[in-house]
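The values are calculated or read from the model by the stated rules, or taken from the named source; none is laboratory data. Worth saying up front: this structure is predicted, and the values here are computed from it rather than measured. Quick reminder, even Gly has a Cβ in these numbers, built from the backbone with ideal geometry, and neighbours come from all protein chains shown.
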Amino acid sequence: MILGIETSCDDTCAAVLRADGTIASNVISSQGIHDRYGGVVPEVASRHHVELVNAVVDDALRRADVELDDVELVAVTRGPGLVGALLVGVATAKSLALARGLPLAPVDHLQGHVAANFVAPEPFEPPFVCLLASGGHTLLARVTEHDGFEVLGRTLDDAAGEAFDKGARLLGLPYPGGPHLERLAREGDPEAFAFPTARQVDGLDCSFSGVKTALLYAVRDLGEDEAARRAADLAASYQAAIVRALVDRCTRALEATGLDRLALGGGVAANGPLRDAAAALGATLHVPDRALCTDNAAMIASAARWVTSLAPPDYLAMDAYASGERALA
Ligand code: KG4
Ligand code: ZN
């Protein structure tokens, strides 16, 4: 039994994973307080993690029908993320592990998103290309092992989820904007506006600042009333441009690696048009369940199965890290 803890952003998460990779519980407590600020406020997130984390861990154990005595390994997200938020999870994991004399596995958040694909009952085995697109990160990885990945390309500016959130904000939608924008886009014409797809960026990198600016100008040129009347068309065209950019990079990555297996991860993988366009590429596609795509602790526990754990009390000196992708393979 692995107890996973994830507090890298605004979701307080705990999960119990069995050694065979099946999920016994996966609890996600979304703070739901950041929408009034239009984004995550780090200090507010940290304070809420402190208030929630013990209850979320208890809930994960209860739902899995296990006691702390049954846990053999504690896994925790070490970074990247908001450092104050990460430290709440790291301190919690250290305390629980030390009190029980258990080993602790420090897990990279991005490796966690990749490892969401390794969860039973249908684990997707390497090698494959993985598109990770969340609010904080957008990258393409070549995954050949369970314990790491090679970064093939990444966004040069905003993450894809951030582009969805900022676009949604321009259209007057609540935070986080991705799901709201997707819903609005269903009633719109994706070809109504010609937004750029960042094809000018070479290779496997991508960029979303151009399409964001294009939406800003389109809204400004239309004027408030007309932009509101055409909000669905704007949303559909904007979403189409982001999806085109992401799928284009997936195509290039499959060609560059010669692989015919593609996995999606991160919150943006919940996007229906992105899933449909990725499925149309013809490669074998794997998309984890929605609850495993957005931030969660089951993916952290999953990744921990291939991490070298630290014995007590060696992990007491372990620190969180705020930034950087640790490409391990
Ligand atoms: O992985 P995640 O839960 O947290 C981070 O690590 O960032 O991703 C959250 C991001 C947000 O930007 C959110 O707007 C986006 O994923 N997202 C979506 C959808 N659902 C969530 N973007 C587009 N379409 C969706 N359906
Ligand atoms: Zn994430």
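What is the residue count in the range 251-287 for residues that are surrounded by fewer than 24 Cβ atoms within 10 Å (Cβ to Cβ), within 16 Å of ligand 2 (Cβ to nearest atom) and under 15 Å from Pro123 (Cα atoms)?
Counting residues in the range 251-287 that are surrounded by fewer than 24 Cβ atoms within 10 Å (Cβ to Cβ), within 16 Å of ligand 2 (Cβ to nearest atom) and under 15 Å from Pro123 (Cα atoms) gives 1.
Restricting to the range 302-319, count the residues that are hydrophobic (A, V, I, L, M, F, W, C) and within 15 Å of ligand 2 (Cβ to nearest atom). Spell out the reasoning first.
Filtering the range 302-319 down to residues hydrophobic (A, V, I, L, M, F, W, C) leaves 303-304, 306-307, 310-311, 316-318.
Applying the additional criterion that residues be within 15 Å of ligand 2 (Cβ to nearest atom) yields 303.
The qualifying residues number 1.
So which helices (runs of 4 or more DSSP H) stay within the range 41-117 end to end and still have 3 or more residues that are away from ligand 1 (no atom under 16 Å from the Cβ)?
Working: elements: 42-64, 83-100, 109-115.
Output list reads 42-64, 83-100.
Taking the range 166-214 as the region of interest, how many residues are among the aliphatic types (A, V, I, L, M), under 23 Å from the mean Cα position of the chain (by Cα) and not in a loop (DSSP other than H, G, I, E, B)?
Within the range 166-214, residues that are among the aliphatic types (A, V, I, L, M), under 23 Å from the mean Cα position of the chain (by Cα) and not in a loop (DSSP other than H, G, I, E, B) number 6.
Give me the residue from the range 7-40 that is more than 19 Å from Arg169 (Cβ to Cβ) and in contact with an Asp or Glu (Cβ under 6 Å, 6 or more places away or on another chain) and, out of that set, nearest to ligand 1 (Cβ to nearest atom). So that I can check it myself, show each step before the final result.
To start, the set of residues in the range 7-40 that are more than 19 Å from Arg169 (Cβ to Cβ) comprises 7-8, 11-29.
With the extra rule that they be in contact with an Asp or Glu (Cβ under 6 Å, 6 or more places away or on another chain), the set shrinks to 11, 13, 27-28.
Values: Asp11: 7, Cys13: 10, Val27: 15, Ile28: 9 Å.
Going through the qualifying residues, I end up with Asp11.
Among what's in the range 130-165 and is in a loop (DSSP other than H, G, I, E, B) and among the polar types (S, T, N, Q), pick the residue that is nearest to ligand 1 (Cβ to nearest atom). If you could, list the steps in order and put the result at the bottom.
Going through the range 130-165, the residues in a loop (DSSP other than H, G, I, E, B) turn out to be 134-137, 144-149, 156-159.
Filter once more, so that each one left must be among the polar types (S, T, N, Q): 134, 144.
Details: Ser134: 3, Thr144: 23 Å.
So, considering only residues that are in a loop (DSSP other than H, G, I, E, B) and among the polar types (S, T, N, Q), the one nearest to ligand 1 (Cβ to nearest atom) is Ser134.
Suppose the filter is in contact with a Phe, Trp or Tyr (Cβ under 8 Å, 6 or more places away or on another chain), modelled with pLDDT of 95 or more and within 16 Å of ligand 1 (Cβ to nearest atom); does Leu274 pass it?
Working: in contact with a Phe, Trp or Tyr (Cβ under 8 Å, 6 or more places away or on another chain): no; modelled with pLDDT of 95 or more: yes; within 16 Å of ligand 1 (Cβ to nearest atom): yes.
The answer is no for Leu274.
Please work out which one of (1) of a type in the set (D, E, K, R); (2) within 16 Å of ligand 2 (Cβ to nearest atom); (3) within 27 Å of Thr257 (Cβ to Cβ) is the condition Asp165 fails and give its number.
Answer for Asp165: the failing condition is (3).
Which count do you get for residues in the range 257-268 that are at pLDDT 95 or above and either closer than 23 Å to Asp158 by Cα or out of contact with any helix residue (DSSP H, G or I) (no Cβ under 9 Å at 6 or more places or on another chain) (or both)? Break it down stepwise before answering.
Filtering the range 257-268 down to residues at pLDDT 95 or above leaves 257-264, 268.
Those left that are additionally either closer than 23 Å to Asp158 by Cα or out of contact with any helix residue (DSSP H, G or I) (no Cβ under 9 Å at 6 or more places or on another chain) (or both): 257-258, 262-264, 268.
So the answer is 6.
Could you check, for the range 299-306, whether at least one of its residues is part of a helix (DSSP H, G or I), in the same structural domain as Ala236 (by TED's automatic domain parsing) and buried (at least 18 other Cβ atoms within 10 Å of the Cβ)?
Narrowing the range 299-306 to residues part of a helix (DSSP H, G or I): 299-304.
In the following step, the residues that additionally are in the same structural domain as Ala236 (by TED's automatic domain parsing) were identified as none.
No: zero hits.
Would you be able to tell me the number of residues in the range 118-129 that are touching a residue at least 40 places away in the same chain (Cβ under 8 Å), under 17 Å from Val151 (Cβ atoms) and assigned to a loop (DSSP other than H, G, I, E, B)?
1
With respect to Leu68, determine if the residue is crowded, with 19+ Cβ neighbours inside 10 Å and more than 18 Å from Tyr315 (Cα to Cα). If you could, list the steps in order and put the result at the bottom.
Numbers: crowded, with 19+ Cβ neighbours inside 10 Å: no; more than 18 Å from Tyr315 (Cα to Cα): yes.
Answer is no for this residue.
Among (1) touching a Phe, Trp or Tyr at 6+ places or on another chain (Cβ under 7 Å); (2) buried (at least 20 other Cβ atoms within 10 Å of the Cβ); (3) over 25 Å from Met299 (Cβ atoms), where does Ala163 come up short?
For Ala163, the failing item is (3).
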